[in-house]
Structures are given as structure tokens and as C-alpha cells.
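The values are calculated or read from the model by the stated rules, or taken from the named source; none is laboratory data. The shown structure was predicted, so the numbers you read here are calculated from the model rather than taken from an experiment. Cβ placement follows ideal geometry from the backbone for every residue including glycine, while neighbour counts extend to all protein chains displayed.
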Amino acid sequence: MEIRKVKIQRKIKLVENHYWMEISNNFSSNIFPGQFLNIKIDDLFLRRPFSIAEVDKKHIGILFKVKGEGTKILSETKSGEILDVVGPLGNCFPFQTKWQNFYLIGGGTGIAPLLFFCKMLIEKNIKFTLFYGARTKKLLFTNLLPKGNYYTIFSTDDGSYGYKGDIINILRMKLEERGNPDIICAGGPISMLKELSRISTEYKIPSYVSVENKMACGMGLCFGCVIKIKNKNKWEYKRVCKEGPIFQIDKIIWE
Amino acid sequence: MGIKNKNLKIKVGKLELNSPIIMSSGTFGYGIELKNFINYKKIGAIITKTITLYHWKGNPQPRIWETSYGVINSIGLQNPGVEQFIKEILPIIKEIDTKIIISISGTNIKEILQLTEIITKEKIDGIELNISCPNFKKGKTVVSQDPIITYKIVKEVKKIVGKIPLLVKLSPNVNDITEIALSAEKGGADILSMINTVTAIGMDLQEKKIIEGGLSGPAIKPIGLRCVYKTYKKVSIPIIGIGGITSGKDALEYILAGANAIGVGSGIFSNPLLVDEIYMFLEDYIKKNNLKSIKDIVGLMNEKTKEKNRTRE
């Protein structure tokens, strides 16, 4: 965890309310897929957390959608401006060399941490399939996908690109066709993650998901961002920012 | 590298602190999360997250609501209970080179006393009795809102803690905080911590939910400052000034109002370097004003001090 002043190198409006932003990588820590940054927003008391979607020596990329005041202000920043950023924060997607076949699943802007994960798997030369769904074609940011040799399966709710329907239903179909991968890693809306939770149990596939929540500190200090996590036959509140944001899906009690 | 400047060392009651900067309860995790950012030699003490006799799960979501210049929280004192705290967390915190003060609370007096018995057996530098917890009641009255109950409870707890410094954390959600402060002092409190959060609600229009909790952040600084100012005039025990401190200047104001030390709370959420900033600011202030020690300015802007100085003349 470091605190750095970084420069906005590039900011692109992808479509209405959706942005891709690249900031200078002034961090000396190693950064892993699943981790996030906490960005200071002018005029707001609390920082805002963003999944890291891309990393190289010179820059870090984030993908965001305007949801509230913080993302609105961030969307109005310009290239060249300086941001105050804390990171990298949180844990990361699990990785074991014995896993030879990954399924990565991204729904909407929940794809962000998986873009980074894709790149890592490509570099490690590991076989994987990316499932990527969105409401409609223009919200499916295929141009952000890292180049490499891997399978892609797309879906849109309205059928304007790829399969028609929820990406999770397409996943179910593919599991029936092809059998189980070694592991599933996913990010997306709660409804998608809940459905994935059922599939993971049904097909007995170990699955890990990136969880989003409102945060106050992002550093494990306040216990504001907790979710219910199973512990033996009980449960306890765990911090999304510290013990997460990546959790094993069958440990999560959804509310 | 040690801290060369000794001017920021200050004695608060019996506590000899490296600096007047204290990490307040509930906003500094278990004390170790920020180990990469914090030079522990620059802080006077860490007050832990409140511990209760038994494990408290804490409140359901939503726990956090941001407001203009502040944040409302409703965490609900989530903690593993004293037994697990002593076994798993305390040994890690004790490795930190600073004073460790344990914040305690409960739902009734019996629980508090039992907890106090257990925690005083540990090697700790102080105990902070958090009477402002809304669940800590005697009958239907929240302890922090009743001077007589406050007096009785502080007295009972002090009997058990003996020589260990006892801090009492006061709530601003009362008619007259000085009345409660006097009761705590009379009951045997060694130090007062003030203020806790200010009761507030936030409204989530999207989810159609009300978030009820305690407001902290810069929005409450003038409230905390007033409480310290008014209380300093009436009590003779030291005060730790807490509430909305986000700069060295804020810290200075609390000290000038009468605080011997200041507590950093939610200000650290957005600025993990806040401790350094406050430290440098106070160090600078002392140099510029040719002061021997930070204690020379405690209460300097308070009428009480002015009056004393007048009498001397």
C-alpha cells in the first residue's frame, strides 16, 4: 500500500457514462489482478475505490461507470490533471499452477479486474475462456480486451452482439457442452454473482468473485464495507477492502 | 531513526506520550493496518477499536453514508470479544512501539465490570470507557446521557482498574456535556476523550433507505471544539480533543481550546499521511513561537487560562 500523486495520461469516454482512464504508474509495489485503487476526489470527504483493469510499467488503467457524485466528478477530470491515489489495496484472484483451464466471467463494468487477469494469464501462457456479457452491444467494450490467444464468449441482453441473454445462462450452457473448468473467476452485478453461486455449487467448480461495496476508508480501518462470510457453521462480517475484495463464492452469504 | 525533537512529548495525566497525536477508537482498525504509512514514534497512543465481553457481530449494511464534509457510520462495535482479542489481536498490537489504550463497552454495568476485570490483568497503558454506545444502557437510559449513572459506572470501573489510567469517552448528544464530564471526573476518570460522533441520519433516495448513525469528519469539528472549550473551564483532568481533525491547524485549535492531546479519527480515511502532517505542523508552530513544549499552549485560547493569567498579574 502506497500513497502517490499520479497523472491522468489518457481519459476516454467509451459511451455515455462509461469511461476508460489511464494514470501514470508511480507505484513501486507489485500489483495483482483483483486489487483496487482508492482515489481522492476533489470536494468529497471519502476516497472512491476502483478495480485495477490494466497495469504495465508506465501506466494503470481503470474502467468506470458514472453512478454517483464521486464518479461524476472523476468523469469530468482531464488528461494532465494530478490525482491522489492510495493502492494497491485488497487481495487478488487466486492462482495455482495446477489450474490449467480458467473460466473468467465479467458482467458489465464488473469486467474491469478480469481484463487485468486475462493479461496475466496470456503472459503465463495459460488456457482460459473469457465470458463477457452486457446489456447491449455498445456496452460491451471488446476493444478493451487484451490481445492474445484465448477463447471468448459474448452475450448481450438484447441479442445485439454474441449470444442473446444473460452471460451466466450462457455459462451454464457451455458447462453442459464442455464440462467443468478448473476454476471460475468473476466480477459483475450482484444478481449475476448470486446465480454464479448456484452454478458453482451445482457443478462443484471452485469459484472466486470480486465483490463491490461502499467503502469509507478502503484500508481496513473502519469496518464499513463488510459482507457476511461463512465460518464453519456460523458467519461473520468480513471487510471487503481487507479480507477481500476477492472471496470464494461459496463462503458468501448474499443479502 | 528516532525523533530528535522532544518538544511534542507531553504528559497527559499519568500517560507520558511521544506526541499529542492519538489514534482514536474505531477509525484505526486494529492498529496495524497502516504500518507502512505511520511512523508510530510520532503518535502518542493508539486507542483500540471498542472491545466487549462477548463477540459482537456488528450492524447490518448499510453501515456508511457520506455527507457534506463528513461520514455517518453505523458499525455497531463489531469485535471478536475480549477473550479472542487478548489471544489473537493484543499480542500483535503490543509489538507496536507506542502506548496502547483499550476501549471497552457493553450493554450493561455487570458486563462492563466483568470485562474490566479481565482486561486490567493485561499489560496495557490505559482503558477508555466508551459510555456513548447507544446500546450501553441502565434501564432505558443511555449511560452517556445521565450524569448520575455516568458517575456510578465510572466509579465502579475505576475501583477495578486501580492505577491504570482511565479515560472516559463522552458523547456530544446531550444537553450539557460539561455536566457529564464533571460526573466522570468525580467518579474517578483520569482523562476525558471528547467527542464521540454526533447522532445523524442520511437518506438513500435510490435504495429508499434511512441510515441512522454517528456523524464524524470536518462537519463536526466546531461542535467538538466547543465541547472541549466549555469542558476545559470546568474540569481539572486532562482532555483528549477529538472530532473532525483533518489538519495540523485543526489539532492546534483543539489544543488551544484546552486539549492536552488530540485524537485523529475519520480524517485518516482520506489522508493516510495525516499524522505526519499534524506532527510537522505542531513542530513548526513550536519553533516559530519559541515555545519549550507543546504543553505551553494547552488552553491558551480558553478564557479559563486568560483569567488565570490575569490573576497572576
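I'd like to check something: does the range B:125-143 contain any residue that is assigned to a strand (DSSP E or B), surrounded by fewer than 24 Cβ atoms within 10 Å (Cβ to Cβ) and at pLDDT 95 or above? Within the range B:125-143 (the criterion being assigned to a strand (DSSP E or B), surrounded by fewer than 24 Cβ atoms within 10 Å (Cβ to Cβ) and at pLDDT 95 or above), the answer is yes, since at least one residue qualifies. The set of residues in the range A:133-148 being surrounded by fewer than 16 Cβ atoms within 10 Å (Cβ to Cβ) and part of a loop (DSSP other than H, G, I, E, B) consists of A:Arg135, A:Thr136, A:Lys147, A:Gly148. I'm trying to understand the selection: among the residues of the range A:218-237, which are more than 10 Å from chain B (Cβ to nearest Cβ) and charged (D, E, K, R)? Once the filter is applied, which keeps residues that are more than 10 Å from chain B (Cβ to nearest Cβ) and charged (D, E, K, R), the range A:218-237 yields A:Lys230, A:Lys232.
Among the residues of the range B:12-24, are any within 14 Å of another protein chain (Cβ to nearest Cβ) and either of a type in the set (Asp, Glu) or buried (at least 22 other Cβ atoms within 10 Å of the Cβ) (or both)? Checked the range B:12-24: at least one residue is within 14 Å of another protein chain (Cβ to nearest Cβ) and either of a type in the set (Asp, Glu) or buried (at least 22 other Cβ atoms within 10 Å of the Cβ) (or both). Every listed requirement among (1) part of a helix (DSSP H, G or I); (2) charged (D, E, K, R); (3) under 16 Å from B:Ile64 (Cβ atoms) is met by A:Arg198 save one, (3). Just to check your reading of the model, which residue among B:Lys41, B:Lys11 is under 20 Å from the mean Cα position of the chain (by Cα), modelled with pLDDT under 95 and not in a loop (DSSP other than H, G, I, E, B)? Residue meeting the stated conditions: B:Lys41. Please go through the range B:266-283 and pick out each residue that is facing another protein chain (nearest Cβ under 9 Å) and surrounded by fewer than 18 Cβ atoms within 10 Å (Cβ to Cβ). Across the range B:266-283, the qualifying residue is only B:Leu273.
Kindly provide the set of residues from the range B:50-62 that are away from chain A (no Cβ under 13 Å), buried (at least 16 other Cβ atoms within 10 Å of the Cβ) and in a loop (DSSP other than H, G, I, E, B), ordered by number. Matches in the range B:50-62: B:Thr52, B:Leu53. Of all the residues in the range A:201-238, those that are part of a loop (DSSP other than H, G, I, E, B) and within 28 Å of A:Ile41 (Cβ to Cβ) number 15. Filtered by the rule that a residue be in a loop (DSSP other than H, G, I, E, B) and buried (at least 22 other Cβ atoms within 10 Å of the Cβ), the range A:75-90 gives a lone residue, A:Gly90.
For the range B:178-200, name all the residues that are surrounded by fewer than 24 Cβ atoms within 10 Å (Cβ to Cβ), among the hydrophobic types (A, V, I, L, M, F, W, C) and farther than 21 Å from B:Gly26 by Cα. B:Leu182, the sole residue that qualifies.
Got a sec? Which of A:Gly90, A:Gly133 is within 30 Å of A:Val6 (Cα to Cα) and not aromatic (Phe, Trp, Tyr)? Before you say what the answer is, go through the steps one by one.
Details: A:Gly133 fails: within 30 Å of A:Val6 (Cα to Cα).
On inspection, the qualifying residue turns out to be A:Gly90.
Going residue by residue through the range B:218-229, is there one that turns out to be at pLDDT 95 or above and either in a loop (DSSP other than H, G, I, E, B) or acidic (Asp, Glu) (or both)? Can you show your working first?
Our first condition is that a residue be at pLDDT 95 or above; within the range B:218-229, this holds for B:218-229.
Subset that is either in a loop (DSSP other than H, G, I, E, B) or acidic (Asp, Glu) (or both): none.
No.
Quick test for you: out of A:Met192, A:Met173, pick the one residue that is more than 14 Å from every other protein chain (Cβ to nearest Cβ) and either more than 19 Å from the chain's Cα centre (by Cα) or assigned to a strand (DSSP E or B) (or both). Lay out the reasoning, then the answer.
On the way: A:Met192 fails: either more than 19 Å from the chain's Cα centre (by Cα) or assigned to a strand (DSSP E or B) (or both).
It is A:Met173.
Between A:Ile249, A:Ile205, A:Ile229, the distinction of being surrounded by 23 or more Cβ atoms within 10 Å (Cβ to Cβ) and at pLDDT 95 or above belongs to A:Ile249 only. Within the option set B:Ile100, B:Ile75, being touching a Lys or Arg at 6+ places or on another chain (Cβ under 6 Å) and either within 19 Å of B:Val157 (Cβ to Cβ) or in a loop (DSSP other than H, G, I, E, B) (or both) holds for one residue only, B:Ile75.
The set of residues from the range B:81-110 being within 14 Å of chain A (Cβ to nearest Cβ), out of contact with any strand residue (DSSP E or B) (no Cβ under 8 Å at 6 or more places or on another chain) and either buried (at least 22 other Cβ atoms within 10 Å of the Cβ) or not β-branched (Val, Ile, Thr) (or both) comprises B:Gln84, B:Glu88. Kindly check whether there is at least one residue in the range B:270-284 that is among the β-branched types (Val, Ile, Thr), part of a helix (DSSP H, G or I) and over 18 Å from the mean Cα position of the chain (by Cα). Looking through the range B:270-284, none of the residues is among the β-branched types (Val, Ile, Thr), part of a helix (DSSP H, G or I) and over 18 Å from the mean Cα position of the chain (by Cα). Taken over the range B:167-184, the criterion of being aliphatic (A, V, I, L, M) and assigned to a helix (DSSP H, G or I) is satisfied by B:Ile177, B:Ile180, B:Ala181, B:Leu182, B:Ala184. For the range B:28-49, a residue qualifies if it is polar (S, T, N, Q) and either more than 14 Å from chain A (Cβ to nearest Cβ) or surrounded by fewer than 24 Cβ atoms within 10 Å (Cβ to Cβ) (or both), and the qualifying residues are B:Asn36, B:Asn39. Of the strands (runs of 3 or more DSSP E) lying entirely inside the range A:1-74, those containing at least 1 residues that are within 12 Å of chain B (Cβ to nearest Cβ), under 30 Å from B:Pro218 (Cβ atoms) and of a type in the set (S, T, N, Q) are A:36-39.
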